[in-house]
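Following: one structure in structure tokens, then a few remarks.
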Amino acid sequence: MSLAQSLTLASQLHQMSLHLLDQLEWSTRARADLQAVQRNAQRLERSLSRAIQEQIIPEYDQWVHELRNPLNVVIGYTEIWLEAEQGLSDDQQRELRALHHDAMQLAELIATHLDS
């Protein structure tokens, strides 16, 4: 290999090493930028979580309460009427039992899926 070829090869190796150093520096900056994005995403997630807890959850709890309150009235009155059994025909008792059963199922669904 001639001196000129060696010089050309050395120059090419130098250029490649500079390119690799640039790539490594870019990779390090990219990693730092990605970590900064991750930190910001975590902060945003915490902020959104607090906002949801402060605003949406109280409304959600109110909605569940608005469902449960009249449902408990229906359950309570059907139980009173079924226990009394006075003056109720068989059809009326059957309808009350069906109403009570359906109301209890709905209450169970609310407890299972909507309670926080």
- Residues in the range 64-108 that are surrounded by 11 or more Cβ atoms within 10 Å (Cβ to Cβ) and under 23 Å from the mean Cα position of the chain (by Cα): how many? 2
- Message: Cβ-Cβ distance below 8 Å, separation of 6 or more or different chains: which pairs start in the range 13-26 with a residue that is surrounded by fewer than 10 Cβ atoms within 10 Å (Cβ to Cβ) and end on one that is at pLDDT below 75 and not charged (D, E, K, R)?
- Response: none
- Pairs returned, first residue in the range 32-44 that is among the aliphatic types (A, V, I, L, M), second residue that is modelled with pLDDT of 75 or more and assigned to a helix (DSSP H, G or I), beta-carbon separation under 9 angstrom, 6 or more apart or interchain, are none
- Task: Quick one: which residue in Val74, Val64 is touching a His at 6+ places or on another chain (Cβ under 9 Å), at pLDDT 70 or above and under 22 Å from His113 (Cβ atoms)?
- Result: Val74
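The values are calculated or read from the model by the stated rules, or taken from the named source; none is laboratory data. This is a predicted model, so every value here is computed, not measured. Cβ sites come from the backbone with ideal geometry, for glycine too, and all protein chains shown count toward neighbours.
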